[in-house]
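Notes follow once the structure below has been shown.
The values are calculated or read from the model by the stated rules, or taken from the named source; none is laboratory data. The shown structure was predicted, so the numbers you read here are calculated from the model rather than taken from an experiment. We place every Cβ from the backbone using ideal geometry, glycine too, and count neighbours over all the protein chains shown. Quick note on the areas: whole protein, heavy atoms, side chains included, nothing else; ligands and nucleic acids left out. Shrake-Rupley method; radii C 1.70, N 1.55, O 1.52, S 1.80 Å.
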Amino acid sequence: MPSETRPVALVTGSSSGIGAEIARRLGADGYAVVVNSRSSVATGEAVAAEVGGSYLQADVADEKQARALVDQVLARHGRLDVLVNNAGTTEVIAHHDLAAATPEIWRRLYDVNVVAPFVLVTAAEAALRAAAPGCVVNVSSLAGVRPTGSSIPYASSKAAFNHQTRLLAKALGPDIRVNAVAPGLIETPWTAGWSDLHALVGAGAPLRRSGTPADVAEVVMGLVRSTYVTGQVVVVDGGLGQVT
Ligand code: NAD
């Protein structure tokens, strides 16, 4: 097994947005970062090159691919210290339009946002324990804390993700810490077309602006470094949750 002298971090869905920024911050902090995406291979490889890390393509919602992703990280580096479950997906549906939120959409969103992170933690458990203290940071959402967000299935999936965070912290301590960040509205490719919402947040949230990936990555790094914190869901929303 290869011996990596640097600590190793896997960041899912990190070819863009919040995940790419987390990869940059971890790389700058001395981690060997494994960048992952489902489909954007060239962009993912570019982020990996930028952070001095490597790239692995995998659809984390596919159980076999998720397990293979962790296996490949271990085969390549021989260790895994930090797992950031950042990959997520949504479907924009007005909350009153119940018929549009079909069971197929519920299942697809739960597969990516809830089941995949659990499978990845399961696959990584032994390596994270060996790293003791191993660390998991989940990128959840304000939509899982407040009754808001792009659709009811999305918000529900993130609420489930928050509870998974607390339950896993209890189940995996003291060897592995598990925490989450819950971003409000962040400027990423995901929200690029949501200019009305950005204007509303700019006018109404206590800090009067949408967040940036750097705002979220800063808190993720704080959780990675905070060795006496586990089971927490830290809202990073410029105060938006106080007015929604
Ligand atoms: P983004 O679109 O830039 O990033 C999402 C990433 O997840 C993409 O790289 C995408 O390819 C990846 N992904 C999706 N499904 C995947 C799968 N099955 N396998 C592997 N990768 C997959 O958007 P972002 O805003 O940076 O989103 C990152 C996380 O932040 C998501 O979990 C999202 O729910 C959360 N979030 C974003 C906001 C926001 O306002 N942008 C707010 C709250 C929470």
> Which pairs have Cβ atoms under 9 Å, sit 6 or more apart or on different chains, and link a residue in the stretch 207-224 that is within 13 Å of Gly239 (Cα to Cα) and open to solvent by less than 40 Å² (accessible area, probe 1.4 Å) to one that is in a strand (DSSP E or B) and within 14 Å of the ligand (Cβ to nearest atom)?
Replying inline: Ser210/Ile186; Gly211/Pro183; Gly211/Ile186; Gly211/Val236
> Of Ala75, Ala49, which residue is free of Cβ contacts under 8 Å to residues at least 40 places away in the same chain and open to solvent by 50 Å² or more (accessible area, probe 1.4 Å)?
Replying inline: Ala49
> In the stretch 172-197, what residues are open to solvent by 40 Å² or more (accessible area, probe 1.4 Å), touching a helix residue (DSSP H, G or I) at 6+ places or on another chain (Cβ under 8 Å) and within 14 Å of the ligand (Cβ to nearest atom)?
Replying inline: Glu187, Pro189, Trp190, Leu197
> Can you tell me how many residues in the stretch 103-144 are open to solvent by less than 50 Å² (accessible area, probe 1.4 Å), over 27 Å from Val235 (Cβ atoms) and without any contact (Cβ under 8 Å) to a residue 60 or more places away in the chain?
Replying inline: 2
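Here's the yes/no breakdown for (1) closer than 21 Å to Lys158 by Cβ; (2) surrounded by fewer than 24 Cβ atoms within 10 Å (Cβ to Cβ):
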| position | (1), (2) |
| --- | --- |
| Thr5 | no, yes |
| Ala23 | no, no |
| Tyr31 | no, yes |
| Gly44 | no, no |
| Arg67 | no, yes |
| Glu91 | yes, yes |
| Leu98 | yes, yes |
| Ala101 | yes, yes |
> Can you pull out the residues in the stretch 107-122 that are away from the ligand (no atom under 14 Å from the Cβ) and over 24 Å from Met221 (Cβ atoms)?
Replying inline: Thr122
>> Looking for something closer than 19 Å to Pro117 by Cβ, away from the ligand (no atom under 13 Å from the Cβ), assigned to a loop (DSSP other than H, G, I, E, B) and out of contact with any His (no Cβ under 8 Å at 6 or more places or on another chain) - is there at least one such residue anywhere in the stretch 138-160?
In response: no
